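Reading through the structure tokens given below for one structure.
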Amino acid sequence: MDEKRRVFLLGLDGGDLELVKKFVSEGHLPNFAGIMAGGMAEPLESVIPNSTPPAWTTVITGKNPGKHGVYAFLRRKPDSYENTWSLGTGSCKSLFAILSGAGRKVVAVDVPMTYPPEEVNGAMVSGFGTPNVESAFVHPPELKEAVLAASGTPYMIDVVLPDMESHDKTAVEKFIRDTGNVAEQRMRIADMLMDKVDWDLFMLVITGTDRISHAFWKHMDETHPRHEPESGYKNEIRDFYARVDGYLGRLLGKLDDESILMVCSDHGSKASYGSFDLASWLVDAGFIKAVGKVSALPEKIRCPDGSMNPVFAVEQRESSEVRIFDGVDGKLAELETSAADTFSGITLNLSGLELDSGYTLEVEARGSKPGMLFEFVEDSGGSAPALHPRALGDQYFEYKCNFTPRKESLQFALRNSSYGGNPAGVVTIKGIQLRCGFHWKECVAYRVPTLPGVYLNVVGREPHGAVPLEDYERVRNSIMDRLNAVRCEKTGSPLLRVFKREELYAGEKLAEAPDIMAIPEIFPGAASKYIVIPRGWSGMHRHHGLLIVFGPGTAHRVAPSLLEKLLVRLGLRKGRTPQLADIAPTVLSALSVPIPPGMDGRPLFDFKASAAPAGKRHAGNAAKTRAMYDDEDAALEERLKKLGYMD
């Protein structure tokens, strides 16, 4: 075992290899250029769906979602139709836990879905999923003060994408500054921890590459149908990558010649031409029988005598206020927050709810600042954030929260929240409506928000199932046939790729996956009533991200097995590209820690094959690797000829 070898894993959320190559060729990324010339740089295959939660969880476990159980930002609660956040790795041990158990020191900074932090042998600063600065998001807890001090400026959990269609220059400029500030904070924390902890593995994730690409793709891409050539934001994506290149230079200056540097992403980035409204499709296709009954709610919060209507209550915290208008100036109420990490809200006391029905709480509201968080919180602990409000004209948005009650009466809070870095300000509420959307007994299938999949409403599995178990496969095939028939109204091209869950996943958490996955394939000019253009998003996820590896021992790639080569030669399988699940076993192999059984990935390099002399980098890696594969290909070809598969 090489006691000196260490691994630094730099994660770039949404980092795209094609963009890196483009910016390198233009001379903007000298440090990327150096490590790519002296190491390995290849596309990195993501998971399906290629979104942050399942992707990063696969990176740090080496397992597919069928084993770790994270498929999206939200997951179903057992034996219910309710959703909760997907946080942590469940019963799967993370890379950090495995190394800690082997006595190695690890540091993880801003890795998504790692809240609450694991009690690792080292340090962890949780990433996406951390609720607020007051939460216990640092391990060990006594390190939190040093983390906050190292950030240099008030710690920001994340940034909020502005509404890029509103052309609010002030909001856009703030978003650019905030994205840069978050990245700089994380890098300063990394600098401090690299010096403070005698680490074996250090993992740092920069999320801004994803946020910037979502917001500014149409400004960079002259072929995008919504391209804005005069916006002044053409180079924002390039400039952020240049910022990361500077961080890369800082890291290279700290790493010795025995260290291995890995740069990876959870997915790439590309142009977005819209998303697919699967929920509306299920209704129109008849798999959800819509009721649409409006439940009566009082039109005013106060009674004629000035007292509060018992249906409503006011929530106020320090630095917040609720102002009631009851129709004056066309407003029902205003919810104001005047500082970070507080909230104000109105509580609805709902009664007479039908337990076998699905409800939608609809609120017309607007925020005084772009990106304000307006959320719904149900008293039993369920929370359903309004992630993608629908615009109503130029000012108001329609926020929706879908829920199934577990009791006939419950409380629902509508909150303006400034937690988690969300901007403070005023949310104006124009109206509130409660709608009974459907009865579960008449619902064949449904979806979970943030997840491009369909669950069947199965008798014995769901609380109010409608599909008998013996009809499961027939009904599933019927839905898949209908989904496969969804076409562009202009060209007739398919708009979805449709899979059974077992075609994508395997493992003990397979039963938590949607029965059907429906992945949108929206292309330029695609036409359908179900295509939705998200406000503020012009970039989306490419299925392949990037993997760059630089350092000793990376000259020797692990060769494909003879069977894999045979299947490729016969045209039965494409050549295997590196996958997200390969990252964890590659790190373990580099650190000479045994790879536990059950990982789906495999090491990409044979670190024991040869060790380069200390102090020398590997500019010739690519040529050496290619020569090695050429020799193996020749040997395989000879075997295939002898077997009669080749002439």
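The values are calculated or read from the model by the stated rules, or taken from the named source; none is laboratory data. This is a predicted model, so every value here is computed, not measured. Virtual Cβ from ideal backbone geometry, glycine too; neighbours counted across all protein chains shown. With ligands, DNA and RNA removed, areas are computed over all heavy atoms of the protein, side chains included. Shrake-Rupley method; radii C 1.70, N 1.55, O 1.52, S 1.80 Å.
Quick notes
- Share of Cα-Cα pairs in segment 408-548 lying beyond 25 Å, as whole percent: 51 percent
- The 3J(HN,Hα) values that the Karplus relation (6.51, -1.76, 1.60; θ = phi - 60°) gives for segment 110-120 are, in residue order, 6, 6, x, 6, 9, 8, x, x, 6, 7, 7 Hz. Gly and Pro appear as x.
- Surface accessible to a 1.4 Å probe, ILE288 within the full protein complex, Å²: 20 Å²
- PHE523-SER91 FRET efficiency (beta carbon distance; Förster radius 51 Å; 0.05 resolution): 0.85
- Sum of -39500 (n - 2.57) over DSSP H runs of 4+, divided by residues of the chain (222 nm, nearest 500): -8000 deg cm²/dmol
- Inter-probe distance in nm under a simple model that places probes 7 Å from Cα toward Cβ, at SER280 and LYS254: 4.8 nm
- Positive-end residue of LEU510, SER418, TRP440, charge dipole of segment 412-541 with Cβ unit charges: SER418
- Förster radius 41 Å - calculated FRET efficiency between LYS196 and ASN349, Cβ distance, rounded to 0.05: 0.20
- Prolate/oblate/rounded label for segment 249-316 (Cα gyration tensor, a/c 1.5): oblate
- In this simple spin-label approximation, ASN235 and ALA485 carry label points 7 Å from Cα along the Cα→Cβ vector, and these lie 5.3 nm apart.
- Rolling a 1.4 Å probe across the protein heavy atoms gives the chain an accessible surface of 42 Å² per residue.
- Positive minus negative residues near ILE157 (Lys, Arg vs Asp, Glu; Cβ under 12 Å): -4
- Contour minus Cα-Cα distance for SER295 and THR360 (0.36 nm per residue): 22.4 nm
- Between ARG406 and ALA313, the simple label model (points 7 Å from Cα in the Cβ direction) yields a spacing of 1.8 nm.
- Taking the Cα centre of the chain as origin and assigning +1 to Lys and Arg Cβ atoms and -1 to Asp and Glu Cβ atoms, the resulting dipole is close to 1200 debye.
- Share of carbon and sulfur in the accessible heavy-atom surface of segment 1-97 [1.4 Å probe, %]: 52 percent
- Of the accessible area of segment 212-309, computed with a 1.4 Å probe over protein heavy atoms only, carbon and sulfur atoms account for 49 percent.
- More than 15 angstrom apart: percent of Cα pairs within segment 393-488: 76 percent
- Accessible surface ranking for SER94, SER320, 1.4 angstrom probe, highest first: SER320, SER94.
- The slack between SER592 and GLU508, meaning 0.36 nm per residue of separation minus the straight C-alpha distance, is 27.4 nm.
- Charge dipole (Cα centre; +1 on Lys/Arg Cβ, -1 on Asp/Glu Cβ; no other charges) of segment 402-542 amounts to roughly 620 debye.
- Phi angles across segment 405-416 convert, under the Karplus curve 6.51 cos²θ - 1.76 cosθ + 1.60 with θ = phi - 60°, into 3J(HN,Hα) values of x, 9, 8, 5, 10, 7, 10, 10, 9, 9, 10, 9 Hz, Gly and Pro given as x.
- Whether segment 305-357 is rounded, prolate or oblate, judged on the alpha carbon gyration tensor where a/c under 1.5 counts as rounded: oblate
- In this Cβ point-charge picture (+1 for Lys and Arg, -1 for Asp and Glu), segment 209-326 has a dipole of about 360 debye about its Cα centre.
- For mean projected area of the Cα convex hull in nm², calculated from these coordinates, the label among [x] 31.5; [y] 48.8; [z] 58.0: [x]
- For LEU547, the residues whose modelled amide H falls within less than 5 Å of its own, excluding neighbours fewer than 5 places apart on the same chain, are GLU42, LEU44.
- Cα-Cα over 31 Å, subset of LYS400/LYS509; LYS77/LYS400; LYS169/LYS196; LYS21/LYS174: LYS169/LYS196
- Net charge of neighbours whose Cβ lies under 13 Å from the Cβ of GLY14, counting Lys and Arg as +1 and Asp and Glu as -1: -2
- Cβ-defined net charge surrounding PRO112, 9 Å radius [Lys, Arg +1; Asp, Glu -1]: -3
- Counting heavy atoms of the protein chains alone, ILE432 has an accessible area of about 40 Å² for a 1.4 Å probe.
- Unsatisfied cross-links (Cα-Cα over 19 Å) in the set LYS331/LYS407; LYS289/LYS500; LYS270/LYS490; LYS300/LYS430: LYS331/LYS407; LYS289/LYS500; LYS270/LYS490
- Alpha carbon centroid spacing (whole Å) that separates segment 112-132 from segment 464-479: 40 Å
- Close amide H contacts of ASP163 (hydrogens built in the peptide plane, cut-off under 5 Å, sequence separation of 5 or more or a different chain): GLY371.
- Under Karplus coefficients 6.51, -1.76 and 1.60, residue-wise ³J(HN,Hα) of segment 313-324 in Hz, glycine/proline x: 8, 9, 10, 9, 10, 4, 6, 8, 7, 10, 10, 9
- Efficiency of FRET between LYS169 and ASN477 - r from beta-carbon atoms, R0 60 angstrom, step 0.05: 0.70
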